[in-house]
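Remarks on the structure that follows.
The values are calculated or read from the model by the stated rules, or taken from the named source; none is laboratory data. Nothing here was measured: the structure is a model prediction, and the numbers come from that model. Here the Cβ positions follow ideal geometry from the backbone for every residue, glycine too, while neighbour counts run over all protein chains shown. The protein model used for the area step is the full one, side chains on, heavy atoms only, and it has no ligands, DNA or RNA in it. Shrake-Rupley method; radii C 1.70, N 1.55, O 1.52, S 1.80 Å.
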Amino acid sequence: CYSGPLDSSVAKAMMECDPRGPLVIHCVKMYASPDGQSFYTFGRIYSGTVRAAETVRVLGEGYSPEDDEDAAVATVEAVAVPRGRSRTNITIAKAGNWVLLEGVDANIAKTATIVGTNVDPHVAEEFQIFSPLKFPQAGGESVMKLAMEPLNPAELPKMVEGLRRVSKAYPMVKTKVEESGEHVLLGTGELYMD
C-alpha cells in the first residue's frame, strides 16, 4: 500500500526493515487518551528509529510531493508499546515494531505517514504516503446516515468537536456538513453506529 516507487532508497530501506534508514511509520488507527483530550497514534515502523522528543513530519492522506499542504511538523511526546488494554512507555523503537505515539495526532484525520526530519534533502524528496485504508469487505460504503443537532444550540462547538473525535477514532465513520447545514454522521450499520 506504499504509493511511492519501489526502487527508491526509502522503499528499499522499508523492505529491509533497516533501523538505520530514514524514519517511515504507517499510522493506521487513533486511540483516545484516558482524559479524552488527545489521541495515541498506532502504527508500524517500516524503517528507521523513533525516540521520544523527536521532531517528525506528519504526511496526511492528501499529501503529495508536488503539493505538501497536507503535511505538518510535530514532536513525539512519548513512545509506547501497546499491550492489550495497557501500554508500556519506552524511550526508543526500531523498524519492525508496532508503536503508540503521543503528540502527533493534531494533524491526522484517520491515517497518516510519519517520516523523519533529519534526513538528506534528496531522500526527503522521495517520501510518499501509504494509501488511505479502504474496507471493501465491509461494503466500502456507508449505509446509515444520522443527522445530529445539539439540544442546546449554544453547545454546537462541543458537538462538532465530539464528531471530529468520533471520526478520528473509528475508521469507517465519516462526518460531514450537508448543504442544509445539518451535521451528518455516516457509518456502515446500526451496530457500528451504536
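Within the range 28-59, take every residue that is small (Gly, Ala, Ser) and under 15 Å from Pro171 (Cβ atoms) and give me the one that is surrounded by the most Cβ atoms within 10 Å (Cβ to Cβ). First the steps, then the outcome.
In the first step, residues of the range 28-59 are kept if they are small (Gly, Ala, Ser); the result is 32-33, 36, 38, 43, 47-48, 52-53.
This time we only want the ones that are under 15 Å from Pro171 (Cβ atoms), so: 32, 43.
Details: Ala32: 15, Gly43: 25.
Among those residues, the one meeting the criterion is Gly43.
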Practice task
Give me a count of the residues in the range 149-171 that are of a type in the set (Lys, Arg) and open to solvent by 80 Å² or more (accessible area, probe 1.4 Å).
Solution key: 2
Exercise for the section: Find all pairs meeting these conditions: Cβ atoms under 6 angstrom apart; at least six residues apart or on different chains; first residue within the range 1-22 and under 20 Å from Thr55 (Cβ atoms); second residue open to solvent by 60 Å² or more (accessible area, probe 1.4 Å) and not in a helix (DSSP H, G or I). Expected result: Pro19/Lys94
Practice task
All but one of (1) in a loop (DSSP other than H, G, I, E, B); (2) out of contact with any Ser or Thr (no Cβ under 8 Å at 6 or more places or on another chain); (3) buried (at least 17 other Cβ atoms within 10 Å of the Cβ); (4) not polar (S, T, N, Q) hold for Pro19, so report the exception by its number.
Solution key: (2)
Practice task
Could you list all residues from the range 60-102 that are without any contact (Cβ under 8 Å) to a residue 40 or more places away in the chain, open to solvent by less than 40 Å² (accessible area, probe 1.4 Å) and part of a loop (DSSP other than H, G, I, E, B)?
Solution key: Val76
Problem - Neighbours by Cβ (under 9 Å, 6+ apart or cross-chain): first from the range 32-45, on the phi < 0 side of the Ramachandran plot and of a type in the set (Val, Ile, Thr); second in a loop (DSSP other than H, G, I, E, B) and surrounded by fewer than 17 Cβ atoms within 10 Å (Cβ to Cβ) - result: Ile45/Cys17; Ile45/Gly96
